[in-house]
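The values are calculated or read from the model by the stated rules, or taken from the named source; none is laboratory data. Note that the structure is predicted; figures quoted are calculated from it, not measured. Cβ placement follows ideal geometry from the backbone for every residue including glycine, while neighbour counts extend to all protein chains displayed. When the accessible area is computed, the model is the full protein with side chains, heavy atoms only, and any ligands, DNA or RNA have been set aside. Shrake-Rupley method; radii C 1.70, N 1.55, O 1.52, S 1.80 Å.
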Amino acid sequence: QVRLVESGGGLVQAGGSLRLSCAASGSIFRINAMHWYRQAPGKQRELVATITSDGTTTSADSVKGRFTISRDNARNTVYLQMNSLKPEDTAVYYCKISTTGPGYWGQGTQVTVSS
């Protein structure tokens with residue numbers, strides 16, 4: 001069984017920073033890409049950032065220059081460093097891993113940015 005445990009969410013003032021972590025454990029043969037998504041109230045879940053197994057990263061235009069995704073392959077962990085946070089970044093943030101088999105989701109962590 002595969003388990004993803006997220007941490008690092010919380011309440012922060014606009015302009016502040018948070019670092020999210022997501023550690024995967026269990027029977028994972030190979031992790032290909034790792035992703036962060038977010039879902040704000042009343043909105044669809046959106047892809048925030050992706051990092052592939054070779055370290056190639058992509059991110060949504062809304063977070064470019066502010067958020068950085070990284071990974072530790074030895075620990076099967078993905079991070080999201082979020083700087084210059086804005087109230088519109090408020091959402092539940094989810095990590096997801098893509099494997100050679102199915103994909104797996106974390107349980108989500110709340111990020112709230114106050115103005």
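In the stretch 38-82, how many residues are more than 17 Å from LYS96 (Cβ to Cβ), of a type in the set (Ser, Thr, Tyr) and under 10 Å from the mean Cα position of the chain (by Cα)?
Total satisfying the criteria: 1.
Give the residue that is farthest from GLY26 (Cα to Cα), with candidates limited to residues of the stretch 70-113 that are among the charged types (D, E, K, R) and touching a residue at least 60 places away in the same chain (Cβ under 8 Å).
Filtering the stretch 70-113 for residues that are among the charged types (D, E, K, R) and touching a residue at least 60 places away in the same chain (Cβ under 8 Å), the one farthest from GLY26 (Cα to Cα) comes out as LYS86.
Of (1) closer than 15 Å to LEU4 by Cα; (2) part of a strand (DSSP E or B); (3) polar (S, T, N, Q), SER70 satisfies all except one. Which?
Every condition holds for SER70 apart from (1).
Identify all residues within the stretch 88-115 that are of a type in the set (Ser, Thr, Tyr), open to solvent by less than 40 Å² (accessible area, probe 1.4 Å), over 11 Å from the mean Cα position of the chain (by Cα) and under 16 Å from GLY8 (Cα atoms); write none if there are none.
The answer is THR90, and nothing else.
Kindly provide the set of residues from the stretch 60-87 that are farther than 18 Å from VAL113 by Cβ, surrounded by 11 or more Cβ atoms within 10 Å (Cβ to Cβ) and out of contact with any strand residue (DSSP E or B) (no Cβ under 7 Å at 6 or more places or on another chain), ordered by number.
ASP72, ASN73 - these are the residues of the stretch 60-87 that are farther than 18 Å from VAL113 by Cβ, surrounded by 11 or more Cβ atoms within 10 Å (Cβ to Cβ) and out of contact with any strand residue (DSSP E or B) (no Cβ under 7 Å at 6 or more places or on another chain).
Conditions (1) of a type in the set (D, E, K, R); (2) closer than 15 Å to ARG75 by Cβ; (3) in a strand (DSSP E or B); (4) without any contact (Cβ under 8 Å) to a residue 24 or more places away in the chain, marked per residue:
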position: GLY15; (1), (2), (3), (4): no, no, no, no
position: ARG19; (1), (2), (3), (4): yes, yes, yes, no
position: CYS22; (1), (2), (3), (4): no, yes, yes, no
position: ILE28; (1), (2), (3), (4): no, yes, no, no
position: ASN32; (1), (2), (3), (4): no, no, yes, no
position: GLN44; (1), (2), (3), (4): no, no, no, yes
position: THR58; (1), (2), (3), (4): no, no, yes, yes
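Just to be sure, is THR50 touching a strand residue (DSSP E or B) at 6+ places or on another chain (Cβ under 9 Å), in a strand (DSSP E or B) and open to solvent by 60 Å² or more (accessible area, probe 1.4 Å)?
Considered against the rule, which asks whether it is touching a strand residue (DSSP E or B) at 6+ places or on another chain (Cβ under 9 Å), in a strand (DSSP E or B) and open to solvent by 60 Å² or more (accessible area, probe 1.4 Å), THR50 comes out as no.
Within the stretch 18-43, track down each residue that is more than 15 Å from CYS95 (Cα to Cα) and open to solvent by 60 Å² or more (accessible area, probe 1.4 Å).
If the condition is that a residue be more than 15 Å from CYS95 (Cα to Cα) and open to solvent by 60 Å² or more (accessible area, probe 1.4 Å), then SER27, PHE29, ARG30, PRO41, GLY42, LYS43 are the ones that fit.
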